[in-house]
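Chemist: Quick one: this structure, given as structure tokens, is what I'll be asking you about.
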Amino acid sequence: MKASVIVQNLKCGGCAKTITSKLSEMNHLSDIDVDTETATVHFTCENVDDAILVKDKLKALGYPSIEYKNSVSAKARSFFSCASGKMSK
């Protein structure tokens, strides 16, 4: 099943790199693509439960979907995730 999640705090390629890297570690996901222009994460998963797990993972990384509150802690986590993505090879 193809799915997409519009997220908050997605600003650059560093953010996209972190998101792609962390979601690639999850089971049952493929075809992960992050569009920084639209702040959308596209992926293919096996079922709805997997899509929910992706939303939870994105929130934990600091990129909550648009239906969640964008807290100060989420913004701080996204800043760290972004910096990590920029520094990783």
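Chemist: Out of all the residues in the range 12-25, is one or more modelled with pLDDT of 90 or more and in a loop (DSSP other than H, G, I, E, B)?
Modeler: Looking through the range 12-25, at least one residue is modelled with pLDDT of 90 or more and in a loop (DSSP other than H, G, I, E, B).
Chemist: It is to be established whether one or more residues within the range 28-36 are open to solvent by less than 60 Å² (accessible area, probe 1.4 Å) and of a type in the set (D, E, K, R).
Modeler: Yes, some residue in the range 28-36 is open to solvent by less than 60 Å² (accessible area, probe 1.4 Å) and of a type in the set (D, E, K, R).
Chemist: Under 8 Å by Cβ, and 6 or more places apart or on different chains, what pairs join a residue from the range 42-64 that is open to solvent by 60 Å² or more (accessible area, probe 1.4 Å) with one that is of a type in the set (Val, Ile, Thr)?
Modeler: Once the first residue is open to solvent by 60 Å² or more (accessible area, probe 1.4 Å) and sits in the range 42-64, its partners that are of a type in the set (Val, Ile, Thr) give His42/Ile32; His42/Val34.
Chemist: So, in the range 51-77, exactly how many residues are aliphatic (A, V, I, L, M) and outside any helix (DSSP H, G or I)?
Modeler: 1
Chemist: Could you list all residues from the range 9-30 that are within 12 Å of Gly85 (Cβ to Cβ) and among the small types (Gly, Ala, Ser)?
Modeler: Matches in the range 9-30: Gly13, Gly14, Ala16, Ser21.
Chemist: Going by the structure shown, is Ala74 surrounded by 15 or more Cβ atoms within 10 Å (Cβ to Cβ) and at pLDDT below 90?
Modeler: The answer is yes for Ala74.
The values are calculated or read from the model by the stated rules, or taken from the named source; none is laboratory data. Nothing here was measured: the structure is a model prediction, and the numbers come from that model. Heads up, the Cβs are rebuilt from the backbone with ideal geometry, glycines too, and the neighbour counts pull from every protein chain shown. Only protein heavy atoms, including side chains, enter the accessible area calculation; ligands, DNA and RNA are left aside. Shrake-Rupley method; radii C 1.70, N 1.55, O 1.52, S 1.80 Å.
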